[in-house]
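Peer 1: The structure follows.
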């Protein structure tokens, strides 16, 4: 009789663990989807700000047509990008195009004093910060999900119920290297 109780106890423990593992994967998958949704919201906000920014600077920067076209082209590519890796690459190209626009804007003192431009620049900076925070939140959830899918014995449940590993939303190699370099301060 004692052996029967031991066997029933082990079976119950295995079933409880399997239920916990399954529910954990469901939770991690939903958190990852939520985190990607947060990124999408911030990216949409960024896409909406860009035309306003371009309209604010057009009057000042009449000879910078190529810069406007580049920003507009990269915005369209970023909006249409599918998949995490392609979205990340398109967003990095858009960020570079925006950096070019702000670098050119430095040559126009009247533009830098324009309240509308300053406010749009502030909002865009705030949005960039929110995108970074959302990216970190997403990548944390992807990490936790992927670790669970790769760890034994949880991987058994993950594979049995066909949970999928997700891709990280990362900086491109050049931006990543630049982000790791120490900041140079000049007085």
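Every number in this text was worked out from the coordinates using simple rules, so none of it is lab data. The shown structure was predicted, so the numbers you read here are calculated from the model rather than taken from an experiment. Here the Cβ is made from the backbone with ideal geometry for all residues, glycine too, and neighbour counts use every protein chain on show.
Peer 1: Scan the range 51-71 residue by residue and report those that are in contact (Cβ under 8 Å) with a residue 60 or more places away in the chain and under 23 Å from the mean Cα position of the chain (by Cα).
Peer 2: 52, 53
Peer 1: State all residues of the range 22-33 that are closer than 30 Å to residue 125 by Cβ and free of Cβ contacts under 8 Å to residues at least 12 places away in the same chain; if no residue qualifies, say none.
Peer 2: Matches in the range 22-33: 33 only.
Peer 1: If you don't mind, there's one more thing I want to ask. Scan the range 131-149 and give yes if some residue there is more than 17 Å from the chain's Cα centre (by Cα), in a loop (DSSP other than H, G, I, E, B) and under 30 Å from residue 21 (Cα atoms), otherwise no.
Peer 2: no
Peer 1: Counting only residues that are touching a residue at least 24 places away in the same chain (Cβ under 8 Å) and either more than 29 Å from residue 47 (Cβ to Cβ) or in a helix (DSSP H, G or I) (or both), how many does the range 113-130 have? Give the steps one after another, and end with the answer.
Peer 2: Quick first cut of the range 113-130, residues touching a residue at least 24 places away in the same chain (Cβ under 8 Å) only: 114, 116-117, 120-121, 123-124, 127-128, 130.
The next check asks that each one be either more than 29 Å from residue 47 (Cβ to Cβ) or in a helix (DSSP H, G or I) (or both); those that pass are 116-117, 120-121, 123-124, 127-128, 130.
Of the residues in the range 113-130, 9 are touching a residue at least 24 places away in the same chain (Cβ under 8 Å) and either more than 29 Å from residue 47 (Cβ to Cβ) or in a helix (DSSP H, G or I) (or both).
Peer 1: Where the second residue is surrounded by 10 or more Cβ atoms within 10 Å (Cβ to Cβ) and part of a helix (DSSP H, G or I) and the first is touching a residue at least 60 places away in the same chain (Cβ under 8 Å) and on the phi < 0 side of the Ramachandran plot and lies in the range 1-21, which pairs have Cβ atoms under 6 Å and are six or more apart or on separate chains?
Peer 2: 18/157; 21/154; 21/157
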